[in-house]
Each structure stands twice: as structure tokens, then as C-alpha cells.
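Reading through the C-alpha cells given below for one structure.
The values are calculated or read from the model by the stated rules, or taken from the named source; none is laboratory data. No experiment lies behind these values; they were computed from the predicted model shown. All Cβ positions, glycine included, derive from the backbone under ideal geometry; neighbour counts span all protein chains shown. Surface accessibility is based on the protein's heavy atoms, side chains included, excluding ligands, DNA and RNA. Shrake-Rupley method; radii C 1.70, N 1.55, O 1.52, S 1.80 Å.
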Amino acid sequence: MNQLTTARAFENLCPDSSWAFWHLKPSDTNYATHGYHRYPAKFIPQLAERLIQTYSAQGEWVVDPFMGSGTTLVEAKKLGRPSVGTDINPVAQLVSQAKVTPIPPEALRQRVAVLLERIGSYQPSLFGAPLPEETVPLDVHERITYWFRPEVMAQLWQIHRAIESEPDETCRTFFRCAFSNILKPCSLWTNRSVKPLRDLNKVVAEPLTVFRSHLRRMMRGNSAYYTLLSERRTLSVPVC
């Protein structure tokens, strides 16, 4: 089929309003685990759901070679399609793994409580007196000191240290995803800027406060996701 023939084929196509999602609010597109992590150029889950339903049958494999934050994989599992996703970006791999993995809500609640207790045990007054110098590794990369103020870096290190002490791999991935999501608001990265621009006057977020808040949001998302998969009997559908 040449270009002219292709162009003529499209001339007779009419818009299908059922594929328009303009009415959706952010709360509609961030349901379940879709609100775990910011990610540039995410497409809405409703579009992925519609495409999977239209072009595949339950039980057929869905492949996303550029999975980004894993939107397609979550929707595929929800619809009973096993899926495979790849991405060169290690952040995408982390976020996708966290999003597609349902955790029994009560088990997660217990691990979150242990994590927060562990963080508190490292420093009784995490946001009171200055943290001692030994709480931050000596070999910190210069790019980290470029983006984070010393006191914020020390607090982030305490949280990171507690996360890496989590024995359960699934929960550790969940916590790492939450930690990754709070790094930008805790840094000197200019608000609402996609480009890496530094704002030395920025009022940065308090790490533990935003970490706790985002953990609660992710726990609600996990609970909704776990319930949804349980109702649809797709908890065991594989995602690779």
C-alpha cells in the first residue's frame, strides 16, 4: 500500500468518541497502584485497558517493550492477561515492579510499622538536633550534594538505611519506590520543571513527613489493587 492509498484510507475514517478520555480527572487515572510514582509522559490506564480489551483475549500474553512506569502491565494483570515488560531505565524497572506486585494489605501494614519504627530508632529526634556526621557515608557522589542540602541528605540517608534493612524483598521494592518518589520534592530541583534546573531558594519538603504521607497513599493503592485482583481472580496472573 503506497502513501496515497494509505492517505485515502484514512479520509473515510470518522472519530470515535468512545476513545476520548477528556472527562477523566487525576483521581480517575491514579487509581490502585497507578499513583505510586511520578513518571514523564505516562499514558492513562483507561487507554491501556481499552487497547488490551480490544486487541487481546483473556489468557493471551501482552508485551510492552518500552514499559515506562508499568501502566500496561498493571492493566494486563487486572484483565487476566499475563504480560512481559522491558525498559532500559532502572527507575522504570523499579516502579513497574512495585506497581504490578500486590501485597496482602495487613502484611504490608505490619512491615510499614516496623520500617517507621526502625527509622525512629536510628535518631530519636530525626528533625530536631543536627544529625551526627557519621550518619551519612563519606563517599557521597558530588551530584547528590549538588541537589540536596546537607541536613536533608542526612535525613534521606536515615530513611534509605532503614529501607535497605527490610528483609522482605517485595516490601523492600515497595519502600524503594516510595523513597524514589519523594526525592524530587526534597531536592533543589525547581518545582514543576521537567528540565533539571536548581532553585537555591526552594522550600524543600521534609523527608520523613512526605515519606510517611506517600507510604499511606501507596498502601491505599495497594489495598485497592489487591482487592480488585482478588475479586477478578487474577492475583496469580504472571508479570515478567
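Results, tabulated for the structure shown:
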| item | result |
| --- | --- |
| Set of aspartates and glutamates with alpha-carbon distance to LYS202 below 17 Å, sequence-local pairs under 8 removed | GLU151 |
| Cα-based Rg / Dmax (Å) for segment 159-240 | 16.2, 50 |
| Quarter of the Cα convex hull surface for segment 192-235, i.e. its orientation-mean projected area (nm²) | 5.0 nm² |
| 0 to 90° range, to nearest 10: angle between helix 90-100 axis and the chain longest Cα axis | 70 degrees |
| Gaussian network model of the chain, Cα within-10 Å springs - most flexible of ALA41, ALA224, ALA178 | ALA41 |
| Residue-by-residue Karplus 3J(HN,Hα) for segment 20-35, coefficients 6.51, -1.76, 1.60, Hz, glycine and proline x | 8, 10, 5, 7, 6, 9, x, 5, 6, 9, 10, 6, 6, 8, 5, x |
| Stretch gain in nm, segment LYS195-GLU164, where the contour uses 0.36 nm per residue and the Cα spacing is subtracted | 8.2 nm |
| Most fluctuating residue given options PRO150, PRO15, PRO102, as computed from a GNM of the chain linking Cα atoms under 10 Å | PRO15 |
| Nearby lysines by direct alpha-carbon distance to LYS195 (threshold 19 angstrom, same-chain neighbours under 8 apart not counted) | LYS42, LYS184 |
| Translational D in µm²/s for the chain (Stokes-Einstein at 4 °C, 1.567 mPa s, Kirkwood Rh from C-alpha pairs) | 64 µm²/s |
| Cβ-Cβ FRET estimate between THR54 and ALA113, R0 fixed at 51 Å, reported to 0.05 | 0.75 |
| Integer Hz, Karplus 6.51/-1.76/1.60 couplings in order for segment 183-190, x for Gly and Pro | 5, 5, x, 8, 9, 8, 4, 4 |
| Cα-centred dipole magnitude for the chain, charges only on beta-carbon of K, R (+1) and D, E (-1), debye, nearest 20 | 500 debye |
| Surrounding net charge for LEU228, when Lys and Arg each add one and Asp and Glu each subtract one, Cβ distance under 14 Å | +3 |
| Within-14-Å neighbourhood charge of PRO26 [Cβ basis; K, R +1; D, E -1] | +3 |
| In order through segment 224-240: 3J(HN,Hα) via Karplus (6.51 cos²θ - 1.76 cosθ + 1.60), integer Hz, x for Gly, Pro | 5, 5, 4, 5, 4, 5, 5, 5, 8, 6, 10, 4, 8, 5, x, 10, 10 |
| Loop-located trypsin sites (Lys or Arg not before Pro) in segment 29-105, at most 16 other Cβ atoms within 10 Å (DSSP) | ARG38, LYS42 |
| Distant-in-sequence amide H partners of VAL84 (H built 1.01 Å from N, under 5 Å) | VAL62, VAL63, ASP64, CYS240 |
| For the chain: relative contact order, % (alpha-carbon pairs under 8 angstrom, 6 or more apart) | 25 percent |
| Cβ-based charge dipole, the chain, positive-most Cα from LEU228, LEU115, TRP157 | LEU228 |
| Rounded to the nearest 10 Å², the accessible area of HIS160 at probe 1.4 Å | 60 Å² |
